[in-house]
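I have placed the structure first, in the form of structure tokens, so that the comments after it can refer back to it.
The values are calculated or read from the model by the stated rules, or taken from the named source; none is laboratory data. Since we're looking at a predicted model, the values are computed, not measured. Here the Cβ is made from the backbone with ideal geometry for all residues, glycine too, and neighbour counts use every protein chain on show.
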Amino acid sequence: MNGRFGWKGGTPANVLITGARVVDPRENLDQQMDVLVADGIITQIAAAGSITAGDSTITVQDAGSILMPAFTDPHIHLRTPGQEHKETIASGTMAAAAGGYCLVIAMPNTTPVIDGPDLLRGILARANETAVIPMAQTGAITRDLAGTELTEMATMMDTGAAGFTDDGIAVRDAGVLRRALRYQAVAGGVIALHEEDTALSMGAPINEGVVSARLGLRGQPGSAESTMIARDCALARMENAAIHIQHVSTYESVEVIRREKAQGTRVTAEASPHHLLLTEEACSTLDSRAKMNPPLRTEVDRNAVIAGLVDGTLDCVATDHAPHSDDEKSQPFEDAPFGTTGLETSFAVLYDELVTPGLIELGVLVERMTSGCVPFGFEPPTVAVGEPANLALFDTRAEWTAGETGWVSMSSNSCFTGRAMSGRISLTLAGGVIVHTAEANR
Ligand SMILES: [Zn+2]
Ligand SMILES: [Zn+2]
């Protein structure tokens, strides 16, 4: 994966974490262990209390914590270039470190759009100067996201693109998407799709349902998403191409993907914490932090997204971290931009509301939090001897209220603001470097 991400790096860590519950489903690990990191590499994993470290090693004694492979997020929005008042590579990757991430994949809908090798090279160079954790960058499928002319996908892959997406909008023209899928056979790179038939959604600010009716707002029907997913799976099957469905939000969408996977279609998919935990009712008070695209749906949809994540129909968790300034988000609900931030709260909120009540097993959630990089051709991190230390330590005793003392992200538009949570990331290592500590939590 060399050359396919940018990162400023740092000093390789020497750290011993003793007595934590080590959970890594890929390594069949779920027990109290000691884990020793020397020069940034995991060098020993042994029974709790059995490893002693030298003077130069930081020791973290933590029987009340869970130690996991650090997370990877296949879908975030940094605002470089063009909208650095909302987020920069530095602030966004620092927010990711605070959330326990060791790799994030950024979307290309910046200003200008990252639709050519020179812009891509510039972003990766910037990441090499300022990214706190490794950051990969997708390129656009079509020039300027206009949906008509394909980008130089092969050249962008050579330059280090993580894959391709027009996220923010769907590829409306099926013929254009078919050409992109054919081009994939030569260029490589998964094609990630924001699925929305705008002839049905009409850009409406909220789900079409009881809440939109009550508020007198236009709504997006769930079929705006599921019909496009069905179309695009059919195209992928026809061309034997790999597609990744972004932010799946409806019951029907999960059903379509489950069916397509059973038929052997090369499709992967992601679910976002807000679609897993919130419904359209969160829009009742016209709080624009609950305005995102696809919109929050119904309880039936939410339960289907959870079931899809549990059974693997949905492969991974993606935050769709979308920072916006207070000025933009304080506009009237209909005018405010779509999107919520999410990197700093994702694991904590999912642990609290899905793992603790028994809706998903911890090991399954860890798998889904770490595997988002896989469709984009990156190896998922593991807790294994000889591997670089990509580790997230989660203090189950930490009680905190999201956003109460501010955010690491430059933006504060989190739909989970004000939520009380039990458990917080207290240490993150990415690529063998300590990138976040409990002291930085505020
Ligand atoms: Zn999207
Ligand atoms: Zn997005």
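Only one residue in G209, G168, G222, G163 is more than 16 Å from ligand 1 (Cβ to nearest atom), in contact (Cβ under 8 Å) with a residue 60 or more places away in the chain, assigned by TED's automatic domain parsing to the domain that holds T279 and crowded, with 16+ Cβ neighbours inside 10 Å. Which one?
Of the residues listed, the single one that is more than 16 Å from ligand 1 (Cβ to nearest atom), in contact (Cβ under 8 Å) with a residue 60 or more places away in the chain, assigned by TED's automatic domain parsing to the domain that holds T279 and crowded, with 16+ Cβ neighbours inside 10 Å is G209.
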Are there helices (runs of 4 or more DSSP H) fully within the stretch 265-343 with at least 1 residues that are of a type outside the set (V, I, T), within 21 Å of T356 (Cα to Cα) and within 16 Å of ligand 2 (Cβ to nearest atom)? List them. 273-277
Just one of (1) farther than 30 Å from P295 by Cβ; (2) among the aliphatic types (A, V, I, L, M); (3) surrounded by fewer than 23 Cβ atoms within 10 Å (Cβ to Cβ) trips up L362, so point out which. (1)
Matching residues, the stretch 171-186, being more than 24 Å from G339 (Cα to Cα) and within 16 Å of ligand 1 (Cβ to nearest atom): L177
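I'd like to know if the stretch 145-152 contains one or more residues that are crowded, with 24+ Cβ neighbours inside 10 Å, within 19 Å of I245 (Cα to Cα) and within 16 Å of ligand 2 (Cβ to nearest atom). Working first, answer last.
Filtering the stretch 145-152 down to residues crowded, with 24+ Cβ neighbours inside 10 Å leaves 151.
Still in the running and within 19 Å of I245 (Cα to Cα): none.
Among the residues of the stretch 145-152, not one is crowded, with 24+ Cβ neighbours inside 10 Å, within 19 Å of I245 (Cα to Cα) and within 16 Å of ligand 2 (Cβ to nearest atom), which makes the answer no.
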Scanning the stretch 400-416 residue by residue, those modelled with pLDDT of 95 or more, polar (S, T, N, Q) and surrounded by fewer than 19 Cβ atoms within 10 Å (Cβ to Cβ) turn out to be T401, S412
Can you tell me which residue is nearest to ligand 2 (Cβ to nearest atom) among those in the stretch 231-251 that are polar (S, T, N, Q) and within 18 Å of P221 (Cβ to Cβ)? S249
Sort out for me the strands (runs of 3 or more DSSP E) sitting completely within the stretch 1-120 that have 2 or more residues that are touching a Pro at 6+ places or on another chain (Cβ under 7 Å). 71-76, 101-106
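Tell me which residues, restricted to the stretch 171-202, are β-branched (V, I, T) and crowded, with 16+ Cβ neighbours inside 10 Å.
First, pick out the residues of the stretch 171-202 that are β-branched (V, I, T): 171, 176, 186, 190-191, 198.
Listed by number, the residues that qualify are V171, V176, V190, I191.
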Report the residue count in the stretch 81-93 for those that are surrounded by fewer than 24 Cβ atoms within 10 Å (Cβ to Cβ) and either among the small types (G, A, S) or out of contact with any Gly (no Cβ under 8 Å at 6 or more places or on another chain) (or both). 7
